[in-house]
Amino acid sequence: MSVYGLTYKGIDQVKGPLVIMRGVPGAAYEEVVRIYSEDGREWFGQVLEAGRDKVVIQVLGDTEGLDSNAMVKFTGSTLKIPVSDEMLGRVFNGAGEPIDGGPKIRADDFRDINGAPINPAKRDYPDEFIETGISAIDGMLSLIRGQKLPIFSESGLPHNEVAAQVARQAVVPGKAERFSIVFAAVGLKYDDVLFFRRQFEEFGALSRSVLFLNLANDPVIERITTPRVALTAAEYLAFDLGMDVLVIITDMTNYCEALRELSSAREEVPSRKGYPGYMYSDLASIYERAGRIIGRPGSITFMPILTMPGGDLTHPIPDLTGYITEGQIFLDLDLHNRGIYPPINVLPSLSRLMKDGIGPGKTREDHKEVSDQLYAAYSQGTKARELVQIVGEAGLSPREKLYLEFARRFEREFVAQGFRERRSIEETLDIAWDILSILPEAELTRISEKTLNKFHPKRRVAAKAEGE
Amino acid sequence: MSELVYKGKGVIVHIKGPVVEAEGMRGAKIREVVYVGEERLIGEIVRIEGDKAVIQVYEPTGGVKAGEPVERTGEPLSAELGPGLLGQVLDGLGRPLEIIAEKAGGPFITRGIKAPTLPRDRKWQWTPEVKPGDDVIAGDVLGTVPEGSIVHKVMLPPTVEKARVVEVLPEGDYTIEDPVVVVEHIGGKEEIKMYHKWPVRTPRPFREKLAPVELLVTGQRVIDTFFPIVKGGTSAVPGGFGTGKTVTLHQISKWADADVVVYVGCGERGNEMTDLLHTFPKLVDPKSGRPLLERSVLIANTSNMPVPAREASIFMGITYAEYYRDMGLHVVLTADSTSRWAEALRELSSRLEEIPSERGYPAYLPDYIASFYERAGRIKVQGRREELGSVAVIGAVSPSGGDLNEPVTQHTMRFVGAFWALDKDLAFKRHFPSINWLRSFSKYVGGLRDWWIDNTGHDMMAYRDKAMALLQRASSLEEVARVVGEAALSDENRLVLLSAELIKEGFLVQNAFHEVDTYCSPKKQALLLKTLLEFYDRARPMIDAGVPISRIAEMKSLGLLRRLKFVPEEEFENAVREAVSQLEAEISSLLAEVR
Ligand SMILES: Nc1ncnc2c1ncn2[C@@H]1O[C@H](COP(=O)(O)OP(=O)(O)O)[C@@H](O)[C@H]1O
Ligand SMILES: [Mg+2]
């Protein structure tokens, strides 16, 4: 027996966001319910435990004012949102309802906000380079169409600027069409939302954007649905309508905090730092929705932003994220304090999909080797810099001094660039060669003889001289 | 195994995530597979209390209601074993992902899909090896069929102890459902097909376990030379995210000199499975000359697929591995990641409200980990053949926060023969594989000296000791240099650092994505390490003669030595000779200069 469409009166107990009822044997697990109080207020909830004897409902929103006289209506369906191309250019709340004063969406379809896992055998392997115009990203952490690549940041760092710059500049070389943008704010301050909105407006992307906003003062529990609703919209745009979608969700830390709060209300056994043991799988059910699918033209490229509590990379939020996403872009407080924008520290950063998206025919044949060499050399340079703190610059060997200089120029010339500056991948790689050429050739062990001959500035000069 | 059909049905009384309680289940067995709800979702009984059963459901339970039926099957969770496994991509329950996609009618996985592992309509070319009247025992070969890159032996299943052959189908093409042999035993007549089912949580029997002695060549220098694994051995790869666990496992499943590879993607990324699916059909197995996919079974239960199936996927995989082992083959199973598997166990345990032990894991975690690694080994197969088979198990471990002091890493460490500790600092500077040479171990080193001498003509384990000593010395010098600066060290000590650096760059660092470097044969490994080690001995007299270290470090031939690893096998010996003679020339001119 189903209780679909039936309305019950008789809440047994309200415990934080949880409502417990008895004698509703036909409630379905994860079914959506609507709750109405006598004074006409309405809540939205979902069945968390469906039992013959006991039903537990998780309520979205503040449960204050809920009492045993409320009416509970079972809808017979899981949480779904309407989707259609009319979403473009519109603004919604974290439950997928329009909040821009415009009309309701005429639905092409209703989609479960949890989506369904993409069959791994039906994924298409992402291997197309996206040029973001940012050297540190393009050169050493290449973003690939269909990749999930988060920004690991700290409060006070310009992660919004970096994400906005990517959104403004990203193109797949050779493809005319620009990315559509699905933007979701999770527990964000209005200022931050305004920043993104102005940016999208400024570069003319509003009409190809969909915004989902859960602000700092909006219900905490809706932070759980916001990313899912946004990705449901993105999936429709990408895999039904064939668009290339860039999804930006910020701040995933607020999402995780909401998840922790919910878990503790459910009295679950916590794992590390109070976060639930299933947070890995929960986050995976969000992040894994990025990608490409065989036989479908569109894609979801996903750039979530999270702020690392205390700047700690081993904190469960960045840790579990890094275990799921295809790399990370790490923003560094120290670089920021030294006035470097974008303050990307490439060493703890990574793009796992870079290997198949760059090289001859895609970017340039020297790309991979140059990138490897930059990593190796910059890490030597930072080591030398640490040493300076201890023994002073005079205590360095000539080789260490060279690497120190390399690191300085790398940060100032390669990493640093303007918020509005767009560098082509050729420009990026040429800057890299320029800096690498201060090192003796014997140090360039990650670069083959062939590539040195063709691209090393000194050899190019020599070859030219010979030719003349 | 007989097909039991249970008419009795239970009724769901409670649903909480993947854990469902049902009544009317009297007589059900623990670990019995059941179909849950109207959509017949696959589940397994994990606890029985009188009439009530607690069921772990392997598919999402959204929409399921109390009052819906639970059907019993009478069978434990089993793997289908027979020809047709190789080349397959399966989910954690052994369902082919292609068939799931077909039945789901799209790229997203839907619920309640039933799909047998082995194709029923495909025909196999059967050659009998027995005739009516023959007496056979469990494990005896009844016939063979070619499958992918191997000869698949159809054996008398372990469940039939001994029997007499009464009928045999003649050579020809048959499906796995055709009874190729009929035997007679105490229980009566039994049709034997090319496949049978085996409960995944029960290790398959063998005659005897033997000590593993033969190197499992992976072509990865730091592994084969420094922390080797053997055929039938075990190894764990712990490391934080981005340290190279997956690439290591991918490399091993590509290059290991095994007959069959089972790759279990357990709770990890979808695109990593796609990566394998894209590369395996293109890569050629050097042993058979056929596409790598034909020697592989891939299991993909990615992080966004149902958590309970992660738990099943590892057992499914090891059962496939044992089955091919029983044919007298060398099998490698790689599991990425065993931590996700342990976490699935933790989640179930917490939902069952068991008392948690360390970090929320149940107290039986160590037994559980052991029950997996203990299924590795080199064995004498069942039946009346003198054949050996092996299963090597290599598991990635994903410690939270990269901290190796967590329960899964710690318990795993106790059960494995080799331990490749990945190092974040090495990974940050793109020193890959980031296997830390001071924190890793292999218990197999001692037994492999002869193998290296027999197979390469080099006493590689002696080179290894020498290289280790050099690396260790360098590591303590680096400690000092970190305080006083490298410039303050004596030239002699700085030569040690330079020579160690050469071993690191020229030998330990190996680029998985470099055409040549991705695989290095044992012969090349031996000659390369020997050559690089000799640098120190050759350069030493220069220090005594007063050549400044900065001049030594600038030698062009050093660059040649560092890049020797990129030289293809065919040209390698020549390249070594050339590099060494150039080195000698440079050394004599430097010596001449100071004189
Ligand atoms: N042997 C290797 N050669 C080259 N690059 C490697 C190697 N091992 C790891 N990497 C690099 O490190 C990245 C992360 O490796 P991966 O195996 O995915 O890490 P983990 O599984 O530990 O998170 C890869 O995407 C690749 O760029
Ligand atoms: Mg991995």
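The values are calculated or read from the model by the stated rules, or taken from the named source; none is laboratory data. Predicted model, so just to flag it, every value in this text is computed and none were measured. Note that we place each Cβ from the backbone using ideal geometry, even for glycine, and neighbour counts take in every protein chain shown. Ligands, DNA and RNA are stripped out before the accessible areas are found, and what is left, the full protein with its side chains, is counted by its heavy atoms. Shrake-Rupley method; radii C 1.70, N 1.55, O 1.52, S 1.80 Å.
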*Check the range B:240-251 and report whether any residue there is part of a helix (DSSP H, G or I), more than 11 Å from ligand 2 (Cβ to nearest atom) and either open to solvent by less than 30 Å² (accessible area, probe 1.4 Å) or among the small types (Gly, Ala, Ser) (or both).*
yes
*What is the one condition in (1) at pLDDT below 95; (2) away from ligand 2 (no atom under 16 Å from the Cβ) that B:Ser400 does not satisfy?*
(2)
*Single condition B:Asp423 does not satisfy, out of (1) within 16 Å of ligand 2 (Cβ to nearest atom); (2) away from chain A (no Cβ under 14 Å); (3) out of contact with any Lys or Arg (no Cβ under 6 Å at 6 or more places or on another chain)*: (2)
*Determine, yes or no, whether B:Asp135 is within 26 Å of B:Ala163 (Cβ to Cβ), acidic (Asp, Glu) and either within 14 Å of another protein chain (Cβ to nearest Cβ) or surrounded by fewer than 17 Cβ atoms within 10 Å (Cβ to Cβ) (or both).*
yes
*Check whether at least one residue in the range B:525-536 is within 16 Å of ligand 1 (Cβ to nearest atom) and in contact (Cβ under 8 Å) with a residue 60 or more places away in the chain, and report yes or no.*
yes
*Which is away from chain B (no Cβ under 14 Å) and either open to solvent by less than 30 Å² (accessible area, probe 1.4 Å) or within 18 Å of A:Glu326 (Cβ to Cβ) (or both), of A:Ile99, A:Ile105, A:Ile144, A:Ile113?*
A:Ile105
*Would you kindly identify the strands (runs of 3 or more DSSP E) lying entirely within the range B:164-222 that contain at least 3 residues that are open to solvent by 30 Å² or more (accessible area, probe 1.4 Å) and touching a residue at least 12 places away in the same chain (Cβ under 8 Å)?*
B:188-192, B:208-210
_Subset tally (residues that are within 13 Å of ligand 1 (Cβ to nearest atom) and farther than 15 Å from B:Thr218 by Cβ) for the range B:247-278_ = 10
*Conditions: (1) under 23 Å from the mean Cα position of the chain (by Cα); (2) outside the structural domain of B:Val260 (by TED's automatic domain parsing); (3) at positive phi. B:Gly242 meets all but one. Number of the miss?*
(2)
_Looking at the structure I just gave you, is B:His458 within 14 Å of chain A (Cβ to nearest Cβ), open to solvent by less than 50 Å² (accessible area, probe 1.4 Å) and not small (Gly, Ala, Ser)?_
no
_Being touching a Ser or Thr at 6+ places or on another chain (Cβ under 6 Å) and surrounded by 22 or more Cβ atoms within 10 Å (Cβ to Cβ) is true for just one of B:Ile15, B:Ile45, B:Ile55. Which residue is that?_
B:Ile15
*Can you give me the number of residues within the range B:497-516 that are crowded, with 18+ Cβ neighbours inside 10 Å and outside any helix (DSSP H, G or I)?*
4
*Within the group A:Ala432, A:Ala463, which residue is aliphatic (A, V, I, L, M), assigned to a helix (DSSP H, G or I) and open to solvent by 10 Å² or more (accessible area, probe 1.4 Å)?*
A:Ala463
*Quick one: in the range B:252-268, of everything that is within 15 Å of ligand 2 (Cβ to nearest atom) and of a type in the set (Gly, Ala, Ser), which residue is farthest from B:Leu329 (Cα to Cα)?*
B:Gly267
*Filtered residue count, the range A:349-373, keeping only those that are closer than 17 Å to A:Glu154 by Cβ and within 16 Å of ligand 2 (Cβ to nearest atom)*: 0
*asked:* Of everything in the range A:88-114, what is over 17 Å from A:Asn214 (Cα atoms) and not in a loop (DSSP other than H, G, I, E, B)? Give them in sequence order.
replied: A:Asp109, A:Phe110, A:Arg111, A:Asp112
*Which fully enclosed helices (runs of 4 or more DSSP H) of the range A:280-396 have 3 or more residues being among the small types (Gly, Ala, Ser), open to solvent by less than 10 Å² (accessible area, probe 1.4 Å) and not assigned by TED's automatic domain parsing to the domain that holds A:Thr250?*
A:367-391
*In the range B:349-366, how many are open to solvent by 80 Å² or more (accessible area, probe 1.4 Å), more than 9 Å from chain A (Cβ to nearest Cβ) and in contact (Cβ under 8 Å) with a residue 12 or more places away in the chain?*
1
*Kindly indicate whether B:Val89 is open to solvent by 20 Å² or more (accessible area, probe 1.4 Å), out of contact with any Cys (no Cβ under 6 Å at 6 or more places or on another chain), at pLDDT 95 or above and of a type in the set (Val, Ile, Thr).*
yes
_Report every pair of residues separated by at least 6 positions or lying on different chains whose Cβ atoms are under 6 Å apart, first residue within the range B:253-276 and more than 8 Å from chain A (Cβ to nearest Cβ), second of a type in the set (Lys, Arg) and within 13 Å of ligand 2 (Cβ to nearest atom)._
B:Cys266/B:Arg340
